[in-house]
Amino acid sequence: MGSPKILVLRLSAVGDVIRTLPTITALKEHIPSSSITWVVEEPSQAFLDSQPEIDEIILFPRKRWTHGIQSLGGMWRTIGEMWEFLRDLRRRKFEVVLDFHGLLKSGLLSFFSGSPKRIGYDRRSTKEWNFLFSNVKVKLPKERISRFQRNLALLKGMGLELDLKDIKYGLHIPQEDREVVESFFNTSAVSIQRPLIAIHPGSSRKAFFKRWLPDQYARLADRLIRELHATVLFTWGMEELQWVEGIRKEMKEPSLLGPKTESLTQLGEVYRHCDLYIGGDTGPMHIASLMGIPAAVIYGPTDPIENEPFGKHIKIREEVGCNPCHQYSCKERVCVKAISADKVFKAAEEMLRLTY
């Protein structure tokens with residue numbers, strides 16, 4: 001296949017960008033001479049920049065452009081920037097485009113790149129008429145598959161038939177991030193004993209509907225410490241610290257508050273020190289799985305097949321008749337409330353028995 005210049009389109013969200021990485025690594029392994037350029041939005045830019053399989057990052061400045069078109073003067077300036085952005089893509093003469101995003105904006109980027117081979121999903125597997133902009137359409141199976149499998153399937157458009165079970169992946173952690181996290185563990189006032197169990201009880205503000213109940217997390221953590229003699233480490237992100245501290249205050253046993261991580265790779269390095277991850281269907285869960293950490297994942301309204309981790313895991317959910325669903329504004333959250341601390345404890349105990 002020579003040394004093709006490949007354009008990857010997976011603009012956001014961070015969790016979806018994370019789940020695309022193993023596919024790009026597999027692509028690079030099978031075509032090592034290829035050049036990979038990835039178009040991505042701001043939240044994932046620094047993270048992708050730290051991954052060696054990506055040769056170049058192009059920022060898609062959606063936030064700036066969205067703000068720019070809100071005034072008459074800004075609108076014309078933004079239109080000019082957009083046009084120049086598309087011209088720059090075209091000048092690069094990409095030979096292949098891989099559109100993992102499957103929406104109108106990625107379809108337009110694919111089409112205007114001028115690439116002779118624009119690979120996307122078929123009509124059934126895309127939204128906003130995205131399929132019109134690709135000239136190589138990959139058909140997905142009718143049964144539900146994980147996002148990792150979905151992403152890997154797109155390589156069929158390049159003649160690569162790969163099995164997810166054969167894909168080996170490990171998130172690359174820069175040395176400076178290793179040192180920061182190592183310093184945290186070395187200076188911790190809490191004596192760490194095994195198993196070390198990471199719990200990430202939070203989520204983004206938009207995904208609050210995924211959060212399990214704080215009192216249940218407190219009961220679970222206490223049992224893990226008392227009955228398994230574990231050390232429980234709580235990880236957290238922006239706008240989640242207060243939520244985590246509320247859980248720790250409800251606990252009767254001492255726990256360890258994880259460091260304020262400055263990047264996803266620092267968070268990944270924290271998880272590398274752990275024996276098990278417990279938490280909801282969030283980006284940190286996928287980070288832990290890509291670090292090779294077994295996961296006990298709590299699913300409420302989200303699809304446990306589509307959103308399953310990369311590696312060893314156990315799914316925890318209760319079938320309540322309406323889940324999975326997309327009612328993200330649901331106030332009842334019956335599917336979340338139905339999951340008991342006892343059920344999660346037993347799942348964690350089983351996962352540790354199988355892997356620890």
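The values are calculated or read from the model by the stated rules, or taken from the named source; none is laboratory data. These figures come from a predicted structure and were not determined experimentally. Cβ placement follows ideal geometry from the backbone for every residue including glycine, while neighbour counts extend to all protein chains displayed.
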When the residues of the range 245-273 are narrowed to those that are among the small types (Gly, Ala, Ser) and modelled with pLDDT of 95 or more, which ends up farthest from Ser183 (Cα to Cα)? Gly246
Being modelled with pLDDT of 95 or more, among the aliphatic types (A, V, I, L, M) and touching a helix residue (DSSP H, G or I) at 6+ places or on another chain (Cβ under 6 Å) is the requirement here; does Ala153 meet it? no
With the requirement that a residue be β-branched (Val, Ile, Thr) and surrounded by fewer than 22 Cβ atoms within 10 Å (Cβ to Cβ), what does the range 7-24 give you? Val14
Quick one: is Val344 assigned to a helix (DSSP H, G or I), on the phi < 0 side of the Ramachandran plot and either modelled with pLDDT of 95 or more or out of contact with any Gly (no Cβ under 6 Å at 6 or more places or on another chain) (or both)? yes
Restricting attention to the range 25-54, report how many residues are in contact (Cβ under 8 Å) with a residue 40 or more places away in the chain, surrounded by fewer than 21 Cβ atoms within 10 Å (Cβ to Cβ) and in a strand (DSSP E or B). 1
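Matching residues to (1) under 22 Å from Cys335 (Cβ atoms); (2) crowded, with 23+ Cβ neighbours inside 10 Å; (3) outside the structural domain of Gln51 (by TED's automatic domain parsing):
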site	(1), (2), (3)
Arg205	yes, no, yes
Phe208	yes, no, yes
Glu240	yes, no, yes
Val244	no, no, yes
Met251	no, no, yes
Leu257	no, no, yes
Leu264	no, yes, yes
Pro284	yes, yes, yes
Filter result for Trp38 (under 30 Å from Pro284 (Cα atoms) and modelled with pLDDT of 95 or more): yes
Among residues of the range 55-81, those that are in a helix (DSSP H, G or I), among the hydrophobic types (A, V, I, L, M, F, W, C) and surrounded by 14 or more Cβ atoms within 10 Å (Cβ to Cβ), counted: 1
Ile314, sole failed condition from (1) closer than 23 Å to Gln149 by Cβ; (2) modelled with pLDDT of 95 or more; (3) over 19 Å from the mean Cα position of the chain (by Cα): (3)
Just checking, does the range 165-178 include any residue being farther than 27 Å from Glu29 by Cβ, buried (at least 16 other Cβ atoms within 10 Å of the Cβ) and not acidic (Asp, Glu)? no
Members of the range 82-98 found to be surrounded by 13 or more Cβ atoms within 10 Å (Cβ to Cβ) and either part of a strand (DSSP E or B) or among the hydrophobic types (A, V, I, L, M, F, W, C) (or both), listed by number: Met82, Phe85, Leu86, Leu89, Phe94, Val96, Val97, Leu98
Hits in the range 286-301 (condition: at pLDDT 95 or above and under 16 Å from Tyr217 (Cβ atoms)): Ala295, Ala296, Val297, Ile298, Tyr299
Name the residue, out of Ser115, Ser146, Ser203, Ser125, that is hydroxyl-bearing (Ser, Thr, Tyr), at pLDDT 95 or above and within 26 Å of Ala295 (Cα to Cα). Ser146
Just to be sure before I move on: is Ile119 over 20 Å from Leu264 (Cβ atoms) and assigned to a strand (DSSP E or B) in the structure I sent? yes
Residue satisfying all of: in the range 210-229; under 28 Å from the mean Cα position of the chain (by Cα) and aliphatic (A, V, I, L, M); surrounded by the fewest Cβ atoms within 10 Å (Cβ to Cβ) among these: Leu213
Identify, please: which residue in the range 227-274 is small (Gly, Ala, Ser) and part of a helix (DSSP H, G or I) and is, among those, farthest from Asp342 (Cα to Cα)? Gly268
I need a count of the residues in the range 122-149 that are out of contact with any strand residue (DSSP E or B) (no Cβ under 7 Å at 6 or more places or on another chain), in a helix (DSSP H, G or I) and buried (at least 16 other Cβ atoms within 10 Å of the Cβ). 4
